[in-house]
Amino acid sequence: MRTILFLVQKEFLQIRRNKMMLPMILIMPVFQTLLLSFAANYEIKNLHLGVVDNDLSPASRQLVSKFTASGYFQIKDAGFSTAEAAEDLARDRTDLLLEIPANFERDLVREGHASVNLTANAINATKAGLAMGYAGGIVRDFTPPVPAPAGSRRQGVEVVYSNWYNPRLDYKTFMVPGILGEIVALIICFLTALNIVREREIGTIEQLNVTPIHKWQFILGKLLPFWILSLFMMTVGLTAGWLVFRIPIEGDLWLVFLYTLTFAPTMLGLGFLISNFAESQQQAMFTAWFFMIIFILMCGLFTPVESMPQWAQWLNTLNPVKYFVEFMRLVLLKGAGFAEIRQNLMTVFAYAVVVNGLAVWTYRKRA
Amino acid sequence: MSSITTTNLSKAYGEVQALKNINLSVREGEIFGLIGPDGAGKTTLFRILATLLLPDSGSARVAGLDPVGDYKKLRTKLGYMPGRFSLYQDLTVRENLEFFASVFGSSIEENYELIREIYVQIEPFRDRRAGALSGGMKQKLALCCALIHKPEVLLLDEPGTGVDPVSRQEFWDMLRRLRQWGITILVSTPYMDEAELCDRIALIQQGEILTIDTPEKVRAAYPRPLFAVRADDMYRLIRDLRELPGAAGCYAFGESAHLSLRDTAIGLDDVRRYLIERRHEAVEVSPTPATIEDCFIEFLNH
């Protein structure tokens, strides 16, 4: 036990000495949480709108003004040539083209309905989808300034939306907890892998190997410091998120810390496993990146896991970061209690056992 | 009493046979030198003895223990200093020493007497990071760290490499003083002058031991006359001497050329006459005692 204490003490001494390490541990969670939460935003404002109004009636003018009043659109150009407008769309000067046919008002009055043409630039599918969504909503809600003919009164069920747990659909509320989970996972995996490989690269492992330090002592001495740091980083990140974004903390904080302590060993173990196959820090870095890119892009932070193809969802059960992001949102936004996250916790715990088992198995203290 | 013995120790890395049937025996409390060029297999032998590498065949005993079976026990009795500086560069002198003492369950105070002479030299830099020390200081710190748990056997892999001649001399003085504690020292070096400072040496080349004896006896066993020859044009001198009938070999040795003779009838005057005939100027020829290096070259040639 005393030996582990000395090893951990040495590790912290080195972390404190390292000019890069401490700023990385302190600033990275805060910085990334702030930056990504602002930048990784699905809300798009000021979409560029091209308008071709062939009707020039009160009704058509009102429809156009509905677009500008929505706050999502900005009229970039207005003309009468469909070909020119299409050209603008093709050249990326506009994102969406609204074409109002001649006789728009007349049709509305006579038939009770009329059609407009919406064309979106779908180079960026997300943007196009959002633009279409916003535009569709505006057109649907449009009430012409002229009385509709008798018998064509709009009928049907009106849909009223309400977003639970994030009532104003605030993307920051949605993103911050997830990003925090992802960042903590990423950093501790990297730090562990690089730290162990560094001992090998610099040659200090040779000197350690001739001491009576046991395999398990060496391993614990490496993993414990970063385990403790994961809690520390979580605290720093949560504080920053709460201070800056006022992210809701609906659930119990102790649950967050308990989960972090259970989850961290999977990433520590992964870093440890990677270090066993790397000769240099460079190799470890690339290997860790390979996994991390996949983990991050598929963890549900940027695209919902549920909308992935079945095989990807199945593959994603192996993605530890997915569980962390899921957990953070459940507890922080939804206020989930222990019972709701038990399944997740157990999975992550089992994952930690398997990964660390593999890592210990592949680790050879003696050549 | 033997402190280190190896019996038919062999190790191969793929096609390369690094050690071939190594048999040696190091007595308790002696400084035993392993002399050989880079790639001779010195480090491989050290790593096997230090429990870091498994031999392909053969066996070894260090401090009465088997490096393969009893590696855990052996590690507490062993001090190993790898050829490459392998202490924590980002920790200070004091922190390194404290760390290695503590993982051996010891403390600096406990064995201070053993390292005192070496430690006082690096003590002024106790709060300096190990990475910022000079080559000689690093070596002294590494020696302190290898000694801090009072080992019975000290394995020093090329401690002289990358160290200036004065520090090297100091280092060897310390090793000789360590003998009073009864510590057995196995040291490897590519420097022939360091060989003279050992009690006994083994010459090693391509994984094979050429000879084992005291440095004096190795030198005395040199089988033929040896002359030191100097002239103005050294390059041409060596070429001409190699063509001398009865010469066994000729090679540059510091400022002069060493000429080894197969034909013992050839005298100083014969060599001088031969060189003057070939228009060499400022010719000096004198008999010279063989050094370890001469012996090594002799072994390589035959």
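The values are calculated or read from the model by the stated rules, or taken from the named source; none is laboratory data. Keep in mind that what you see is a predicted model, and the values were worked out from it rather than measured. When we count neighbours, we look across all protein chains shown, and the Cβ atoms used for this are built from the backbone with ideal geometry, even at glycine. Heavy atoms of the whole protein, side chains included, go into the accessibility calculation; ligands, DNA and RNA do not. Shrake-Rupley method; radii C 1.70, N 1.55, O 1.52, S 1.80 Å.
Some notes on this structure:
- Selection count where residues are hydrophobic (A, V, I, L, M, F, W, C), under 23 Å from B:Pro124 (Cβ atoms) and within 7 Å of chain A (Cβ to nearest Cβ), scope the stretch B:73-99: 3
- Test: residue in the stretch B:74-82 that is without any contact (Cβ under 8 Å) to a residue 60 or more places away in the chain, open to solvent by 10 Å² or more (accessible area, probe 1.4 Å) and in a loop (DSSP other than H, G, I, E, B): no
- Selected residue (only one of B:Glu255, B:Glu208, B:Glu284, B:Glu277 is open to solvent by 80 Å² or more (accessible area, probe 1.4 Å) and assigned by TED's automatic domain parsing to the domain that holds B:Ile22): B:Glu208
- Matching residues, the stretch A:194-207, being part of a helix (DSSP H, G or I) and out of contact with any helix residue (DSSP H, G or I) (no Cβ under 7 Å at 6 or more places or on another chain): A:Arg200, A:Ile202, A:Thr204, A:Glu206, A:Gln207
- Leading residue by the ranking (nearest to B:Arg177 (Cα to Cα)) among those in the stretch B:6-38 that are open to solvent by 60 Å² or more (accessible area, probe 1.4 Å) and either in contact with a Gly (Cβ under 9 Å, 6 or more places away or on another chain) or assigned by TED's automatic domain parsing to the domain that holds B:Glu293 (or both): B:Glu28
- Every condition in (1) open to solvent by 20 Å² or more (accessible area, probe 1.4 Å); (2) within 29 Å of B:Gln205 (Cβ to Cβ) holds for B:Ala247 except the one numbered (1).
- Filtering the stretch B:240-287 to residues that are under 25 Å from B:Leu300 (Cα atoms), in a loop (DSSP other than H, G, I, E, B) and among the basic types (Lys, Arg) leaves only B:Arg262.
- Just one of the listed residues (B:Tyr112, B:Tyr119, B:Tyr88) is without any contact (Cβ under 8 Å) to a residue 12 or more places away in the chain and in contact with a helix residue (DSSP H, G or I) (Cβ under 8 Å, 6 or more places away or on another chain), and it is B:Tyr112.
- Of all residues in the stretch A:66-95 being surrounded by 15 or more Cβ atoms within 10 Å (Cβ to Cβ) and of a type in the set (Asp, Glu), the one that is nearest to the chain's Cα centre (by Cα): A:Asp95
- Per this entry, A:Val325 is counted among residues that are within 14 Å of the chain's Cα centre (by Cα), under 21 Å from A:Ile249 (Cα atoms) and assigned to a helix (DSSP H, G or I).
- Some residue of the stretch B:103-120 being facing chain A (nearest Cβ under 9 Å) and crowded, with 17+ Cβ neighbours inside 10 Å: yes
- When A:Leu208, A:Leu180, A:Leu231, A:Leu220 are screened for being touching a residue at least 60 places away in the same chain (Cβ under 8 Å), assigned by TED's automatic domain parsing to the domain that holds A:Met285 and either open to solvent by 10 Å² or more (accessible area, probe 1.4 Å) or farther than 23 Å from A:Pro320 by Cα (or both), only A:Leu220 passes.
- Matching residues in the stretch A:15-33 - criterion: being free of Cβ contacts under 8 Å to residues at least 24 places away in the same chain and either under 20 Å from the mean Cα position of the chain (by Cα) or crowded, with 18+ Cβ neighbours inside 10 Å (or both): A:Ile27, A:Phe31
- Only listed residue being in contact with an Asp or Glu (Cβ under 7 Å, 6 or more places away or on another chain) and either of a type in the set (A, V, I, L, M, F, W, C) or at pLDDT below 90 (or both), chosen from A:Ala69, A:Ala40, A:Ala59: A:Ala59
- Residues considered: A:Leu98, A:Leu7. Of these, the only one that is within 14 Å of chain B (Cβ to nearest Cβ), touching a helix residue (DSSP H, G or I) at 6+ places or on another chain (Cβ under 8 Å) and open to solvent by less than 50 Å² (accessible area, probe 1.4 Å) is A:Leu7.
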